[in-house]
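Have a look at the structure below before the remarks.
The values are calculated or read from the model by the stated rules, or taken from the named source; none is laboratory data. This is a predicted model, so every value here is computed, not measured. Heads up, the Cβs are rebuilt from the backbone with ideal geometry, glycines too, and the neighbour counts pull from every protein chain shown.
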């Protein structure tokens, strides 16, 4: 790593330098661990005191702060930080391997130029893979899958037959795309499997976390919209439609046929029931259980999920519930005595 | 796809036609997407208005409804729908591959006739696989595993040594069957691993979702009963016993040594603690936490899970909790004044 | 299995025999299933009645109990039981396979003596694997991974590049270690991926359950402390630090940058938000949602998690909430009448 001058970094992110613009920055680090030749950043107010004591050579900030370090002042410090991490460290490099002889590739499959397909990866009949994709060991691409350019499929991820993957999609290890939806017709006490002939569509720039499961549906498609980032271990049900640019953090569960608008943010372990409609730009707090439609722009929390500020007040009151019960009983007794006295 | 006459479909499902029985139906689709030559169905009241506007040639219904489409009247429309999807579209076809040379099969393993074992699948020592099974790439069958006929093990699913799998069992991608139970003896602050010598038994017609984990136990067996369907990402603890024909939807967790009767239905993200007994035909609402035995036929909800109607009333009241607290304080003040006046 | 004399077992665990010390014990079983030649144990009071009726030849107990079986009296019966299961049954045996020709091992990788690397396992560039490790089929060891001695990596588990694994670490099937943290910089409505250059460190004697996901972080390391046992399907976020000797049971979720002390116990489906500090020896009840720092030694429960006894009282009261609301309204009415009368 050769490093860049602080001035160059500032130009790269459209920011300004306060301090020695000529100094060489070689790496990005955290406020408490950064040392000479390293740059760090402040985006969470909680860590502001650390800016004074940091040993970093430079700090990315939104506004000037008191510190011995040089400052890179940027409008959106976290975004500037991201750009600088990309510039100085880069994204993961994938070994140039071409199409390994140790992979299993159907004769009827087609791959674009510059793909890496590693040992023990499987590409099934009639699959269409775009340019510059990396298919890691043990990854399984089912028959008739379509995939765009510049995708990464990490080890042992599985894409069932017929699914459609856009460009620049990243699928982490052991995620499963397009397994059969949970669809059974119960008749006389037995559950009969319904063929699941829908497919899963991951649009451009989607990222799917490790060990996610995204079901196909009986007839409809399950869709994850453009630019949506799905954390680890998220379960998405048959026929659900997730809009563009959503953030679904780990362990979220979305039931079948639910729809989410664009730019929704779902906290950890949130559950959404089936056949409901969540609007655009909705924020749902961690562990919430959502059972009803949610309008655009709402912020909800709790089980059942209601307006978040209401739930916060409930959370603040709930420990007083036993005492409240006692108070009511005492009130009833005192009131009965007064009533008696008044007779 | 050649299609069938509507009359033939009606005969196939034991239903009646209202309209042109001779028309050819080629595919099944949804109420809003179906077009000419397609059949759709109504089983959820919520979608009844769509029957009027559907462009489908025919609709499967329980009772006559007003629509331009022909009707296929069946007692159980969803079951009829399932039968017709199977008839017109069929279940997933598996490539005839026989035993691939690219698979790793122990000399001591035995396989029945007509199996497909694909590249990079592993079948370990002394495993016994029945007839007509499909073992997908990357699937791992441990030593001494017994498996019946007509099973499907999807890519990268893992069955640990000694487990017993019935016939017509489906195990989806990346599911794990028979990993070590979470069993440790804590002594002087260290957790010592207890060998897990029990096994997992999946009875006939069980389906296991993607990324499920079903633990073996120290001494007992973990059992999933006949016909039970387990959704994606369900965790089942060591020595749990799930009865026949249960539905466990995604992200359910069952702790060790819990038992469930037959025909139980567990909603998404339900948690069941260990060593308790859930009766037969119990329904547990989504996200519930079950800490005590539940009698046969009960419908429970909430954390802790109690009778569902009670919890629904709690859910309806809970947002008023802060206001209730305020009311109690005001009542106390007003009452104190009255009491004072009465002295 | 040859078996051991009861006397020998007692000596092995530092216990005493009451009854025939010369009898041969061949296996360990449960109280209700054990028969002649078998030993069982009592550690859960709930099962005490079964000791009278057990057909086991011997029972491990803390204190003498009335039974026809011989007794092995040990201070910590569950620990003695563990020692005897290890002695009589042993841990899983791994097939001696050496380095399979069917594995894919980079030329620049180095392995210690006595490793088993099975078919379709992948060991990438510059990986360093210690002595006596078992790498099961389909397991993926990324480039620059360091691993100590006597580790077991079960089928299809994935370790991303650069992670550090101690000695005697067990990683169950389909677990993922070191996938990219959920780190995005959102700018003008789009989420930009931040390179995740931190690594995951699993210290000595850690066990990771099936289908776990342990994220790497942008800059920091994610650390699982010595001797900590992680159940199935646990999601651990980027930069989290879990102390030594913790127990995290299945489906727990720990968000990024949270820290846990040593000897913490987290129940099933617990969620911990990011950037908080959980002390040492903290116990968190199942399904709790932890949103704030927790001091050493606390036992908490509920969402939001507070002192467990308080939450238990809340749980006992909550079903009365609708009735309480009604009572308050009645009180208000009665009080208003009294106030009127008093005017």
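Which number in (1) crowded, with 22+ Cβ neighbours inside 10 Å; (2) within 11 Å of chain A (Cβ to nearest Cβ); (3) touching a strand residue (DSSP E or B) at 6+ places or on another chain (Cβ under 8 Å) marks the one condition that residue B:247 misses?
Residue B:247 satisfies every listed condition except (1).
For the range A:110-120: of the residues being without any contact (Cβ under 8 Å) to a residue 24 or more places away in the chain and assigned to a loop (DSSP other than H, G, I, E, B), which is nearest to residue C:120 (Cα to Cα)?
Keep residues of the range A:110-120 that are without any contact (Cβ under 8 Å) to a residue 24 or more places away in the chain, which gives A:110-111, A:113-120.
Restricting the remaining residues to those that are assigned to a loop (DSSP other than H, G, I, E, B) gives A:113-115, A:118-120.
Details: A:113: 26, A:114: 24, A:115: 21, A:118: 11, A:119: 8, A:120: 7 Å.
Among residues in the range A:110-120 that are without any contact (Cβ under 8 Å) to a residue 24 or more places away in the chain and assigned to a loop (DSSP other than H, G, I, E, B), the one nearest to residue C:120 (Cα to Cα) is A:120.
Consider residue B:227 against the criteria (1) in contact (Cβ under 8 Å) with a residue 24 or more places away in the chain; (2) touching a strand residue (DSSP E or B) at 6+ places or on another chain (Cβ under 7 Å); (3) within 14 Å of chain C (Cβ to nearest Cβ): it satisfies all of them except one. Which criterion is unmet?
It fails just one condition, (3).
Do you know which of the residues in the range A:151-164 that are under 17 Å from the mean Cα position of the chain (by Cα) and in a strand (DSSP E or B) is surrounded by the most Cβ atoms within 10 Å (Cβ to Cβ)?
The selected residue is A:153.
Pairs under 6 Å by beta carbon, first residue more than 20 Å from residue B:172 (Cα to Cα) in the range B:82-98, partner part of a loop (DSSP other than H, G, I, E, B), six or more apart or different chains?
B:82/A:194; B:85/A:194; B:85/A:195; B:89/A:195; B:89/A:197
I'd like to check something: does the range A:292-309 contain any residue that is more than 30 Å from residue B:331 (Cα to Cα), in contact with a strand residue (DSSP E or B) (Cβ under 9 Å, 6 or more places away or on another chain), within 9 Å of another protein chain (Cβ to nearest Cβ) and part of a loop (DSSP other than H, G, I, E, B)?
No, every residue in the range A:292-309 fails to be more than 30 Å from residue B:331 (Cα to Cα), in contact with a strand residue (DSSP E or B) (Cβ under 9 Å, 6 or more places away or on another chain), within 9 Å of another protein chain (Cβ to nearest Cβ) and part of a loop (DSSP other than H, G, I, E, B).
Just name the residue that is surrounded by the most Cβ atoms within 10 Å (Cβ to Cβ) out of those in the range A:327-341 that are more than 7 Å from chain B (Cβ to nearest Cβ) and farther than 14 Å from residue C:328 by Cβ.
Start the filter on the range A:327-341 by keeping residues that are more than 7 Å from chain B (Cβ to nearest Cβ), which leaves A:329-330, A:332-333, A:336-337, A:339-340.
Restricting the remaining residues to those that are farther than 14 Å from residue C:328 by Cβ gives A:333, A:336-337, A:339-340.
On the way: A:333: 10, A:336: 11, A:337: 12, A:339: 14, A:340: 8.
Step by step, filter the range A:327-341, then rank; the result is A:339.
With the condition kept exactly as written, say whether any residue in the range B:91-100 is farther than 16 Å from residue B:146 by Cβ, more than 14 Å from chain A (Cβ to nearest Cβ) and part of a loop (DSSP other than H, G, I, E, B).
Yes, there is a match, as at least one residue in the range B:91-100 is farther than 16 Å from residue B:146 by Cβ, more than 14 Å from chain A (Cβ to nearest Cβ) and part of a loop (DSSP other than H, G, I, E, B).
Which ones in the range C:1-35 are within 14 Å of another protein chain (Cβ to nearest Cβ), assigned to a loop (DSSP other than H, G, I, E, B) and within 15 Å of residue C:56 (Cβ to Cβ)?
C:26, C:29, C:30, C:31, C:32, C:33, C:34, C:35 - these are the residues of the range C:1-35 that are within 14 Å of another protein chain (Cβ to nearest Cβ), assigned to a loop (DSSP other than H, G, I, E, B) and within 15 Å of residue C:56 (Cβ to Cβ).
Just checking, how many residues over the range A:165-198 are at the interface with another protein chain (Cβ under 7 Å from one of its Cβ atoms), crowded, with 24+ Cβ neighbours inside 10 Å and more than 18 Å from residue A:256 (Cα to Cα)?
Residues that pass the stated criteria total 3.
I'm trying to understand the selection: among the residues of the range A:174-208, which are touching a strand residue (DSSP E or B) at 6+ places or on another chain (Cβ under 9 Å) and on the phi > 0 side of the Ramachandran plot?
Correct list: A:174, A:178, A:205.
Pairs needed: first member in the range A:7-31, under 24 Å from residue C:217 (Cα atoms); second member anywhere, at pLDDT below 95 and part of a helix (DSSP H, G or I); C-beta distance under 7 Å; at least 6 residues apart or different chains.
Hits for this filter: A:31/A:47; A:31/A:50; A:31/A:51.
Here is a list: C:261, C:225, C:231. Which entry is closer than 17 Å to residue C:274 by Cβ and in the same structural domain as residue C:202 (by TED's automatic domain parsing)?
It is C:261.
Which members of the range C:120-129 meet the condition of being touching a strand residue (DSSP E or B) at 6+ places or on another chain (Cβ under 7 Å) and surrounded by fewer than 21 Cβ atoms within 10 Å (Cβ to Cβ)?
C:128, the sole residue that qualifies.
Could you tell me whether residue A:55 is in a loop (DSSP other than H, G, I, E, B) and without any contact (Cβ under 8 Å) to a residue 12 or more places away in the chain? It would help to see each step written out before you state the result.
Working: in a loop (DSSP other than H, G, I, E, B): yes; without any contact (Cβ under 8 Å) to a residue 12 or more places away in the chain: no.
It is false that residue A:55 is in a loop (DSSP other than H, G, I, E, B) and without any contact (Cβ under 8 Å) to a residue 12 or more places away in the chain.
Check the range C:60-75 and report whether any residue there is part of a helix (DSSP H, G or I) and over 30 Å from residue B:107 (Cβ atoms).
No, the conditions are met nowhere in the range C:60-75.
For the range B:35-50, give me the residue count where each residue is crowded, with 19+ Cβ neighbours inside 10 Å and under 12 Å from residue B:70 (Cβ atoms).
3
Could you list all residues from the range A:131-147 that are buried (at least 21 other Cβ atoms within 10 Å of the Cβ) and more than 8 Å from every other protein chain (Cβ to nearest Cβ)?
First, pick out the residues of the range A:131-147 that are buried (at least 21 other Cβ atoms within 10 Å of the Cβ): A:133-142, A:145, A:147.
Once the filter is applied, which keeps residues that are buried (at least 21 other Cβ atoms within 10 Å of the Cβ) and more than 8 Å from every other protein chain (Cβ to nearest Cβ), the range A:131-147 yields A:133, A:134, A:135, A:139, A:141, A:142, A:145, A:147.
If I filter the range C:55-69 for residues that are within 23 Å of residue B:198 (Cα to Cα), within 13 Å of chain B (Cβ to nearest Cβ) and surrounded by 19 or more Cβ atoms within 10 Å (Cβ to Cβ), do I get at least one hit?
Scanning the range C:55-69, I find at least one residue that is within 23 Å of residue B:198 (Cα to Cα), within 13 Å of chain B (Cβ to nearest Cβ) and surrounded by 19 or more Cβ atoms within 10 Å (Cβ to Cβ), so the answer is yes.
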